[in-house]
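The values are calculated or read from the model by the stated rules, or taken from the named source; none is laboratory data. As the structure is a computational prediction, the values presented were derived from the model and not from experiment. Heads up, the Cβs are rebuilt from the backbone with ideal geometry, glycines too, and the neighbour counts pull from every protein chain shown. These accessible areas exclude ligands, DNA and RNA; they are computed on the full protein's heavy atoms, side chains included. Shrake-Rupley method; radii C 1.70, N 1.55, O 1.52, S 1.80 Å.
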Amino acid sequence: MVLQYLAAEHLARGPDGQKRQASQPANIREATIMTSALAHAQNLIRCRSVTPDEGGALAYLESQLGAVGFTCHRLPFSERRTPDVDNLYARIGEGSPHVCFAGHIDVVAPGDEAAWRHQPFTAEIDDGILYGRGAVDMKGAVAASLAATLLFLLESGGAPKGSISFLMTADEEGPAINGTRKVVDWLLKRGERPDCCILGECTSEAAVGDTIKIGRRGSLSGELRVRGVQGHVAYPHKARNPLPPLIDALNLLKTKQLDSGSTHFQPSNFEITSIDTGNKAHNVIPATATARFNVRFNDHHTSDNLKGWIESQVQAALLDTGVDYALDYEPASESFMTDPGGFVQKLSAAIEAETHREPLLSTGGGTSDARFIKDLCPVVEVGLLNATAHKVDECVPVADLDRLTQIYTRFLRLALP
Ligand SMILES: [Zn+2]
């Protein structure tokens, strides 16, 4: 109660440090409301922040954080042929340790809104479950990190021992060009590096906190185009069909095992995603055939050595076939992993204390903004369950929001003692 009173006093001061003209009971109520992850999650879900619109969600976070003394920077970025995107970086404290909560407040489109049991942007609660787009991916986790931070500030009399920051974007579900990537660059230019970062992506599988993502595999997408000679199927000796050599090359790439995994990573895999000739006729040998592929790779490889390996396999397969080929690649992302010691141990301890279960340290799954944050500081991901992410009726049990808030709060107590 004393802590809450102190916090209420703190919260009652405006950004200029001047005391507001509000009555004491109202301030205490304000403090009580502000530590509820549910209230924050509802307020965030009610912002229609479909990528790339922030829909008022960043403004909401800015007002909440600014009110308790965070220095806030709105960081709108733009680039040709991509939508402008707004971002928020907010920090309280100047010292270390510096804990950063990262996340995105943009959401994927709801699809057919009539198919939802509860409207996607009204944040209704039904039988202890909060419904809405972004409930788990990832406004719920953003709300939990906000509630945890405010709770922790209440405990520490309004000022943390080190620093706490929020790195929030409206461009995670989209092209991810004007979002976290550029905020990271902005921070690097300022020489501002957190000591650790928790990204609240929905990484949990069966229970909140059962999985911490400590890294991700790399991803390399490419295209192999084989050029032969077009002709009539009845006169194959006058044509050169590009399909058999293309299939041979793909077969070689697909059947060779890249590795058998490593300590924290599953084996790398080469996947064929498309084979196409654009040929609609039954009696024409096509001139070209194109295959697309993606490699998800672990720490045994880099995208450059994989490109070399792919080239050598294709050359071997196409030797003496008389066809030409070209290989093109999309920009690749490399694998990365955060040291499972250090702050990851503290996070695991926080989870274990809250859930009585040791979390699994995983590097599985797809990509996230952690691929950019890793250039700034060690980063891990722990958030809500991913079962309903991007689906109709996306939802989160209110108890899960509370549990995640407790995990984050316990972590702050361990990281900023
Ligand atoms: Zn997400």
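Worth a mention:
- Condition check for V136: over 18 Å from T405 (Cα atoms), within 14 Å of the ligand (Cβ to nearest atom) and crowded, with 17+ Cβ neighbours inside 10 Å: no
- Boolean, A176 is modelled with pLDDT under 95 and within 14 Å of the ligand (Cβ to nearest atom): yes
- The range 254-268, subset surrounded by fewer than 21 Cβ atoms within 10 Å (Cβ to Cβ), of a type outside the set (D, E) and in contact (Cβ under 8 Å) with a residue 24 or more places away in the chain, residue farthest from V295 (Cα to Cα): H264
- Per the listing L130, L154, the residue uniquely more than 16 Å from the ligand (Cβ to nearest atom) and under 14 Å from H40 (Cα atoms) is L130.
- Output for the range 216-233, where each listed residue is under 20 Å from S274 (Cα atoms) and open to solvent by 70 Å² or more (accessible area, probe 1.4 Å): R225, R227
- Considering A148, A144, A102, the condition of being buried (at least 24 other Cβ atoms within 10 Å of the Cβ), within 16 Å of the ligand (Cβ to nearest atom) and closer than 12 Å to I164 by Cα is satisfied by A102 alone.
- Only one of the numbered conditions (1) within 30 Å of M337 (Cβ to Cβ); (2) open to solvent by less than 50 Å² (accessible area, probe 1.4 Å); (3) without any contact (Cβ under 8 Å) to a residue 60 or more places away in the chain; (4) hydroxyl-bearing (S, T, Y) is not met by S303, and that is (3).
- The range 164-182: number of residues that are under 19 Å from S145 (Cβ atoms) and within 14 Å of the chain's Cα centre (by Cα): 9
- Test: residue in the range 63-83 that is open to solvent by less than 40 Å² (accessible area, probe 1.4 Å) and either closer than 17 Å to G140 by Cα or free of Cβ contacts under 8 Å to residues at least 12 places away in the same chain (or both): yes
- Only one entry of V295, V314 meets the criterion of being touching a residue at least 24 places away in the same chain (Cβ under 8 Å) and either touching a Cys at 6+ places or on another chain (Cβ under 8 Å) or more than 27 Å from L361 (Cα to Cα) (or both), and that entry is V314.
- Criterion (open to solvent by 40 Å² or more (accessible area, probe 1.4 Å) and outside any helix (DSSP H, G or I)) met by exactly one of P175, P160: P175
- Of the residues making up the range 213-233, those that are outside any loop (DSSP other than H, G, I, E, B), in contact (Cβ under 8 Å) with a residue 60 or more places away in the chain and away from the ligand (no atom under 16 Å from the Cβ) are G215, G218, S219, L220, S221, G222, E223, L224, R225, V226, R227.
- Evaluated against (1) in a helix (DSSP H, G or I); (2) over 20 Å from T211 (Cα atoms); (3) not basic (K, R), H300 falls short on exactly one condition, (1).
- Considering the range 330-369, the residues that are of a type in the set (V, I, T) and assigned to a helix (DSSP H, G or I) include one that is surrounded by the most Cβ atoms within 10 Å (Cβ to Cβ), namely I351.
- Members of the range 105-126 found to be more than 18 Å from A387 (Cα to Cα), open to solvent by 20 Å² or more (accessible area, probe 1.4 Å) and in a loop (DSSP other than H, G, I, E, B), listed by number: D112, Q119, F121, T122, E124
- Only a single criterion out of (1) in a strand (DSSP E or B); (2) under 15 Å from L404 (Cβ atoms) is not satisfied by M168, namely (2).
- Residue check for L319: over 12 Å from L220 (Cα atoms) and within 29 Å of the chain's Cα centre (by Cα): no
- Pairs where the first residue, in the range 393-410, is open to solvent by less than 60 Å² (accessible area, probe 1.4 Å) and the second is among the basic types (K, R), C-beta under 7 Å, 6+ apart: D393/R117; E394/R133
- Of all the numbered requirements in (1) open to solvent by 40 Å² or more (accessible area, probe 1.4 Å); (2) within 16 Å of the ligand (Cβ to nearest atom), C202 misses one, and that requirement is (1).
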